[in-house]
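Pasting in a structure now, in structure tokens, and then I'll have a few things to ask.
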Amino acid sequence: MSSAAYNRLHGLFKNSTATATATATGTGTSTAVSTTNKIVKEKTKRPKKSPAIPTATATATGTVVSRPKTENLAFEPLPMSQLTNSLANLKMFIDTFKRTSNTGPFRYSYKYYDDVVSHLARAKQHAYIEEILEHQKRYKTDMTKEAFVARLISLYGKSRMFDHARKLFDEMPELNCPRTVLSANALLTACINSKRLDKMPELFRELREELSIEPDEVSYNVVVKAFCEMDAIDSALQVADEMEKNGCECNLYTYNTILDALYGKGNILDADKIWDTMKSKNLDPDVRTYNAKLRGLIFANQITEAIGLLDEMKTKGVNPDVYTYNGLIHGFVKDDDLVAVKRWYAEMAANEIVPDSVTFRIIIPFASKKGDYQFGFELSKVGLLREMNVGRSNLQGVVDGLVKEAAVDEAKELVELVKASNFIYYKLKLSVNS
DNA sequence: CTAGGGTTAG
């Protein structure tokens, strides 16, 4: 889903309680419009006719457009914007979502479910998450496939609904779904994602002793992650030992998880020992391994070493990614070195690494802090044109700075750009104090 | 089913 669609959807959720009741008794004949306010205003208008929509989705009257099966099979997660645009309120969105679930390819689009559920979770609409996920139980054949149910467990976990995840796991036998270490791992991960680490030790024991599910390397990696989350890295290392004693090999997930924790605390010495361990096992570090170390070096203000590490990874054939460059740029921000930030931002482009919203969120406020509002202006434009969520306060900082420097035309240009973008939160005030 | 950076908005 694009960032723009994200913001529209999120805005929809925010206003959901108001609009849900306002339109509940209406005729439900709203046309496809782009903001919630407009939706409410135009709800009595008659739609001209059904809009041309490429796949099964809601029309303005809330019915489903049936398309030939072959087209449904070519489902792409594109209609998010259409769904959010054409819906008068959240309840309708949920109903449409449930109806659209009738097409198999839609149900198997993990990314789509993930997006919708995570936005619902952020908007604290847990009842709707339950509604969507419980709705899946009507697809009885799917519910007998463990991977499908594990996905739902995982989604509950990410929504911090551990009890729901647990309940679904318990229901699996009556859903005629085989229950193996795969769904057990999904449930263990749900402990972490729903911040219920307290549930983990008991659960781990229960899985093994009462359900006879033997942990595999994924299970151990989840436990390793859990201890790292609790800042108990020694315990994480003990689990790694235990895992090998039980016939599971530590892999990159294991070590990258531990390295992230160590470098995150600035513990470079212990982290280097992990690198030795990996080497002795012929386990080649990947981009995440290097990025973890890079972050550790930046944390310790060792910027020169960080640049050296970038060279090393290139030599070893590990391609740097946007995390690598963001980390490095973050280091130069810490170093208060705007010239270097600019150079490495350019270097990033030269290496064909596409900046992401974090890149802009790091650099733009720094440019403003250094008083280089022109650079902030350029970056803001790039970010907005790429439909990225650059951050309202970051944009405001640039606008204010431009105004302060009497660059009112540019300030206005930026404000206009913001207005034209689909980010409903970007309502900048042009603060001219004259 | 397992690992990453920075944190929105009335």
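Residue check, residue A:197 against (1) surrounded by fewer than 19 Cβ atoms within 10 Å (Cβ to Cβ); (2) touching a Gly at 6+ places or on another chain (Cβ under 7 Å), all met but one. Which one?
Condition (2) is where residue A:197 drops out.
With the condition being within 24 Å of the chain's Cα centre (by Cα) and within 16 Å of DNA strand B (Cβ to nearest atom), I'd like the helices (runs of 4 or more DSSP H) fully within the range A:270-341 carrying at least 1 qualifying residues. Let's see the steps before the verdict.
Working: elements: A:287-299, A:303-315, A:322-334.
Passing ranges, in order: A:287-299, A:322-334.
A further question follows. Just to verify a result, which residue in the range A:349-363, among those that are within 11 Å of DNA strand B (Cβ to nearest atom) and of a type outside the set (Val, Ile, Thr), is surrounded by the most Cβ atoms within 10 Å (Cβ to Cβ)?
A:360
Please verify whether residue A:332 is in the same structural domain as residue A:398 (by TED's automatic domain parsing) and either at pLDDT 95 or above or aliphatic (A, V, I, L, M) (or both), treating the condition exactly as stated. So that I can check it myself, show each step before the final result.
Values: in the same structural domain as residue A:398 (by TED's automatic domain parsing): no; either at pLDDT 95 or above or aliphatic (A, V, I, L, M) (or both): yes.
Here the answer is no, as residue A:332 does not meet what is asked.
I need the full set of residues from the range A:193-238 which are free of Cβ contacts under 8 Å to residues at least 24 places away in the same chain and among the hydroxyl-bearing types (Ser, Thr, Tyr), in order please.
Once the filter is applied, which keeps residues that are free of Cβ contacts under 8 Å to residues at least 24 places away in the same chain and among the hydroxyl-bearing types (Ser, Thr, Tyr), the range A:193-238 yields A:212, A:235.
Quick one: would you say residue A:262 is surrounded by fewer than 23 Cβ atoms within 10 Å (Cβ to Cβ), at pLDDT 95 or above and either within 28 Å of the chain's Cα centre (by Cα) or not small (Gly, Ala, Ser) (or both)? Give the derivation first.
Working: surrounded by fewer than 23 Cβ atoms within 10 Å (Cβ to Cβ): no; at pLDDT 95 or above: yes; either within 28 Å of the chain's Cα centre (by Cα) or not small (Gly, Ala, Ser) (or both): yes.
The answer is no for residue A:262.
Quick check on this structure: which one of A:366, A:423 is buried (at least 21 other Cβ atoms within 10 Å of the Cβ), within 12 Å of DNA strand B (Cβ to nearest atom) and at pLDDT 90 or above? Break it down into steps so the answer makes sense when it comes.
Working: A:423 fails: at pLDDT 90 or above.
None of the others qualify; the one that does is A:366.
Any idea which of A:252, A:237, A:187 is of a type outside the set (Val, Ile, Thr) and under 22 Å from residue A:157 (Cβ atoms)? It would help to see each step written out before you state the result.
Details: A:252 fails: under 22 Å from residue A:157 (Cβ atoms); A:237 fails: under 22 Å from residue A:157 (Cβ atoms).
Criteria check complete, one pass: A:187.
Conditions tested, residue by residue: (1) surrounded by fewer than 22 Cβ atoms within 10 Å (Cβ to Cβ); (2) more than 12 Å from DNA strand B (Cβ to nearest atom); (3) within 20 Å of residue A:118 (Cα to Cα).
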{"residue": "A:136", "(1), (2), (3)": "yes, yes, yes"}
{"residue": "A:139", "(1), (2), (3)": "yes, yes, no"}
{"residue": "A:146", "(1), (2), (3)": "yes, no, no"}
{"residue": "A:150", "(1), (2), (3)": "no, no, yes"}
{"residue": "A:174", "(1), (2), (3)": "yes, yes, no"}
{"residue": "A:184", "(1), (2), (3)": "no, no, no"}
{"residue": "A:190", "(1), (2), (3)": "no, no, yes"}
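The values are calculated or read from the model by the stated rules, or taken from the named source; none is laboratory data. Worth saying up front: this structure is predicted, and the values here are computed from it rather than measured. With ideal geometry, Cβ positions are generated from the backbone for all residues, glycine too; neighbour counts draw on all protein chains shown.
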